[in-house]
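Participant: First, the structure itself, so that you have it in front of you.
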Amino acid sequence: MSEKFKVSIVTVCLNSAKTIERAILSVITQAYKNVEYIIVDGGSTDGTLNIIKKYASNISKWISEPDKGIYDAMNKGIAMATGDLVAFLNSDDWYNDGAIEYVANQAESSNAEIFCYEVNVWEGDVLQKSRSNLTKDIANLRIRMIFNHQGVFAKRKLFEEFGLFNTKYIIASDYDWLLRMYNKGVKMQISNYVVANFLRGGISTTRPLEVNYEFKLIAMSALNRLKEERDIAEEEFSELYCRISEHYKELESVNAYKTAINARMFENSMQIRDGVKKILPGARYSIFGCGALGLECFALLQQMEFSVDCFWDNDSEKWGTYYHGVEIKAPKDIIRGKTVIVVSSKKYYDEIVGQLCNMKLEENVDFIDYHSLRTEIGLKVILENTVL
């Protein structure tokens, strides 16, 4: 471990007393020591500053003053940074042990200028998933954000050469910056190594409609710039335009659907209830999958006052237990025609559908796809102008 590369880590925060200590400790306890740790506080009043001062001897630089938003604060951090690499760690997120050493070693042996890694996603104390889309075509960055910014390390000279975060974007300026780098031909290196942990509940997860609006605006603006600068063929422009439009149309639908569930609109609006009844094919249901989507599906069916007989799951340890008061059963006990099965698992969808087809069950008759269902219902909600 030569520790040739100096790594600047920037944490921006405001009233983060509940979580910032874990973030700080995850940086200052790294085995790799050529780290410059910078904290930019927006003027906290809840005890955050006391925690920062507690570890001041391990923090390279810190300031506390009002800012004009998250990306203004990040830009302040970049201006203070002197490292070869710069990365951003939110105050409620944290690095895994050995993460910075791993990144620095890759950077030392690579001619790439941006390094992208996987990030674990947490819902409270429950690990929801590890990012697994980093090996997909990086060209998808022209459509949507495919990285968590906690897993991105960039050469500091890129900010000097191409500029800082655009503060006109409130939520998604990191996507705008990365897309600019991609379109300028900056080499990005992708690894499936998990470097950090992202805790849901921040601005990116609590304001999905605004996030997706900014993402779409950024993607379309970048595409139009490519056309204006004649860096893209007309055929490719048209294809990307359609893909971007369809992607955000589906996201808008899903977000409208989630909003309707949270607002209990399927329970309280007869107009929406009547529309959903025309989409759903039966009155008795069972749900295949006991994850977050299974629970979301359960909430829909409850609000519609449909009977949910049971959950199905391939994990034998769950059989005979109860999930939100409903029994989890073995798929071998499925009886055709007793209920309509809603397949709610995204990760194992193809496997489950193959399993049901082998049992001679028919799609859209004996079982339905929850992902298609929530999109279709979401479009119905939008058409009724109930959530807009």
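The values are calculated or read from the model by the stated rules, or taken from the named source; none is laboratory data. The structure presented is a predicted model; accordingly, all values stated were derived computationally and were not measured. We place every Cβ from the backbone using ideal geometry, glycine too, and count neighbours over all the protein chains shown.
Participant: I need a count of the residues in the range 222-253 that are free of Cβ contacts under 8 Å to residues at least 12 places away in the same chain and part of a helix (DSSP H, G or I).
Facilitator: 12
Participant: Return yes when residue 75 is surrounded by 21 or more Cβ atoms within 10 Å (Cβ to Cβ) and farther than 19 Å from residue 148 by Cβ and no when it is not.
Facilitator: Answer is yes for this residue.
Participant: Let me ask you something else. Suppose the filter is farther than 25 Å from residue 180 by Cβ, more than 20 Å from the chain's Cα centre (by Cα) and at pLDDT 95 or above; does residue 94 pass it?
Facilitator: Considered against the rule, which asks whether it is farther than 25 Å from residue 180 by Cβ, more than 20 Å from the chain's Cα centre (by Cα) and at pLDDT 95 or above, residue 94 comes out as no.
Participant: Quick check: is even one residue across the range 364-375 surrounded by 14 or more Cβ atoms within 10 Å (Cβ to Cβ), among the polar types (S, T, N, Q) and modelled with pLDDT of 90 or more?
Facilitator: Looking through the range 364-375, at least one residue is surrounded by 14 or more Cβ atoms within 10 Å (Cβ to Cβ), among the polar types (S, T, N, Q) and modelled with pLDDT of 90 or more.
Participant: Hey, which of the helices (runs of 4 or more DSSP H) in the range 257-340, taking only ones fully inside, have at least 2 residues that are more than 18 Å from residue 379 (Cα to Cα)?
Facilitator: In the range 257-340, 292-303 are the helices (runs of 4 or more DSSP H) which contain 2 or more residues that are more than 18 Å from residue 379 (Cα to Cα).
Participant: Something else now. Quick check on this structure: which one of 78, 39, 52 is part of a helix (DSSP H, G or I), within 18 Å of residue 6 (Cβ to Cβ) and touching a helix residue (DSSP H, G or I) at 6+ places or on another chain (Cβ under 8 Å)? First the steps, then the outcome.
Facilitator: Values: 39 fails: part of a helix (DSSP H, G or I); 52 fails: within 18 Å of residue 6 (Cβ to Cβ).
Of 78, 39, 52, the one residue that is part of a helix (DSSP H, G or I), within 18 Å of residue 6 (Cβ to Cβ) and touching a helix residue (DSSP H, G or I) at 6+ places or on another chain (Cβ under 8 Å) is 78.
Participant: Continuing with this model, one more query. Does residue 292 satisfy the criteria of being of a type in the set (A, V, I, L, M, F, W, C), within 20 Å of the chain's Cα centre (by Cα) and assigned by TED's automatic domain parsing to the domain that holds residue 373? Explain how you work it out, then say what you get.
Facilitator: On the way: of a type in the set (A, V, I, L, M, F, W, C): yes; within 20 Å of the chain's Cα centre (by Cα): yes; assigned by TED's automatic domain parsing to the domain that holds residue 373: yes.
Criteria met by residue 292.
Participant: Something else now. Determine, yes or no, whether residue 219 is at pLDDT 90 or above and either surrounded by 19 or more Cβ atoms within 10 Å (Cβ to Cβ) or of a type outside the set (Asp, Glu) (or both). Even if it seems obvious, please write down each step before you answer.
Facilitator: On the way: at pLDDT 90 or above: yes; either surrounded by 19 or more Cβ atoms within 10 Å (Cβ to Cβ) or of a type outside the set (Asp, Glu) (or both): yes.
Yes; evaluated as a whole, the condition is true for this residue.
Participant: Next up: Give me a count of the residues in the range 313-323 that are under 27 Å from the mean Cα position of the chain (by Cα) and either at pLDDT 95 or above or over 19 Å from residue 340 (Cβ atoms) (or both).
Facilitator: First, the residues of the range 313-323 that are under 27 Å from the mean Cα position of the chain (by Cα): 313-315, 323.
Narrowing further to those that are either at pLDDT 95 or above or over 19 Å from residue 340 (Cβ atoms) (or both): 313-315.
Number of matching residues: 3.
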